[in-house]
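Structure first, commentary second.
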Amino acid sequence: MNRITSLVALFALVGCSVSEEKFAEQYAELACQSAEECDALGGQSVEDCQTALQEFFEAAVTDDSCEYDGRAAKKCLKEAKGNVGDCDAEAEEDSACEDICGGASSDDTGA
């Protein structure tokens, strides 16, 4: 019975997070979709935007200095999805996106 409970817990945990690669891919897609809807691509194609952002975010979340948090990444994607097409959206202060690489660093807190 404990084995079944452990498996259920494992599947629940996996379902609550997203891999670094998937995060980079999905976030780039949402960001570029929003930029397109808000006429903010600056002459760049959506495909070029997605490629560039995906490479950028993948490098950021796989960097050694990043303690990647898949749960925060999944919450960040949910927030981003809610902001697609909102051309006046402001960055939220307590955004899950700030926690993807382990939250605030000592530089951010003044410690």
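The values are calculated or read from the model by the stated rules, or taken from the named source; none is laboratory data. No experiment lies behind these values; they were computed from the predicted model shown. Cβ placement follows ideal geometry from the backbone for every residue including glycine, while neighbour counts extend to all protein chains displayed.
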Residues in region 22-75 that are polar (S, T, N, Q), touching a residue at least 40 places away in the same chain (Cβ under 8 Å) and surrounded by 13 or more Cβ atoms within 10 Å (Cβ to Cβ): how many?
3
Could you say whether any residue in region 13-24 is closer than 21 Å to ALA80 by Cβ, over 18 Å from the mean Cα position of the chain (by Cα) and at pLDDT 90 or above?
no
